[in-house]
1. Hey, N88 hits all of (1) within 21 Å of the chain's Cα centre (by Cα); (2) over 13 Å from T156 (Cα atoms); (3) not charged (D, E, K, R) but one; which does it fall short on?
2. List, please: which pairs have Cβ atoms under 7 Å, are six or more places apart or on different chains, and start with a residue in the range 160-175 that is under 15 Å from R141 (Cβ atoms) and free of Cβ contacts under 8 Å to residues at least 24 places away in the same chain and end with one that is open to solvent by 10 Å² or more (accessible area, probe 1.4 Å) and assigned to a helix (DSSP H, G or I)?
3. Is it the case that H116 is in a loop (DSSP other than H, G, I, E, B) and out of contact with any helix residue (DSSP H, G or I) (no Cβ under 8 Å at 6 or more places or on another chain)?
4. Scan the range 70-109 residue by residue and report those that are in a helix (DSSP H, G or I) and either more than 24 Å from M58 (Cβ to Cβ) or charged (D, E, K, R) (or both).
5. Could you please find all residues in the range 45-75 being without any contact (Cβ under 8 Å) to a residue 24 or more places away in the chain, open to solvent by 60 Å² or more (accessible area, probe 1.4 Å) and not charged (D, E, K, R)?
6. Do you know which residues across the range 136-171 are among the polar types (S, T, N, Q), open to solvent by less than 40 Å² (accessible area, probe 1.4 Å) and under 17 Å from M104 (Cβ atoms)?
7. Does the range 19-44 hold any residues that are open to solvent by 80 Å² or more (accessible area, probe 1.4 Å) and at pLDDT below 90, and which are they?
8. Do you know which residues across the range 170-191 are outside any loop (DSSP other than H, G, I, E, B) and acidic (D, E)?
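The values are calculated or read from the model by the stated rules, or taken from the named source; none is laboratory data. Keep in mind that this is a model prediction, so the values were computed, not measured. Ideal geometry is used to build each Cβ from the backbone, glycine not excepted, and the neighbour counts take in all protein chains shown. To get the accessible areas, we keep the full protein, side chains included, count just its heavy atoms, and leave off ligands, DNA and RNA. Shrake-Rupley method; radii C 1.70, N 1.55, O 1.52, S 1.80 Å.
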Amino acid sequence: MKIYTKTGDKGTTALFGGTRVPKHHIRIDSYGTVDELNSHIGLIRDQDINPHYQHVLMEIQDLLFTVGAVLATDPEKATLKNGKDRLNIPRITEAEVAVLEKEMDTMNAELPPMTHFVLPGGHQTVSFCHIARCVCRRAERLAAALYELEPFDEYTLKYLNRLSDYLFVLARKLSHDLQANEIKWIPKKNS
């Protein structure tokens, strides 16, 4: 199988279902950003971190392919002529959102209370988490804009929202585990 097809040489690409859209279409931007997020999460997973976090991150990466598939499907062609879903894969449900919430609760129980915003950084692995969190927020913003135009399964959007929260808590937990300095943002006062 060749990687290049030459079908996108004029600035269009195909969605699942065959509909061709410009490569700058919000749907493409949306699932492309999810793909970018998945790559950043792979970078975090490749760090010397607790194997449990690596496992959770791999599960998240798997689910992000589901999110991408949902976002890449033309809603008008989501159902085949025989009535079955074009995407023959499990969808994001409340259960996947609950896993992220449980993981955050477990990590938060081991962390000091947060009293200020924190400056991203302190350790390269922590910085990777913050970058992934920001990319996740961008993916969520794009997906939310797409959802307004062409609604899709609401748990897909909810998952992206919760995932950015998870990445923030993971950054704090890794700061704690790696004994990195978590720098509080304390606004300067006007003189």
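1. (1)
2. These pairs meet every condition: N161/E140.
3. Working: in a loop (DSSP other than H, G, I, E, B): yes; out of contact with any helix residue (DSSP H, G or I) (no Cβ under 8 Å at 6 or more places or on another chain): yes.
The answer is yes for H116.
4. We begin by selecting, within the range 70-109, every residue in a helix (DSSP H, G or I); these are 70-71, 75-77, 94-108.
P75, E76, K77, E94, E96, E101, K102, E103, D105, listed by residue number.
5. Matches in the range 45-75: P51, H52, H55, M58.
6. Residue satisfying the conditions is S164 alone.
7. Across the range 19-44, the qualifying residues are R20, K23, H24.
8. The answer is D177, and nothing else.
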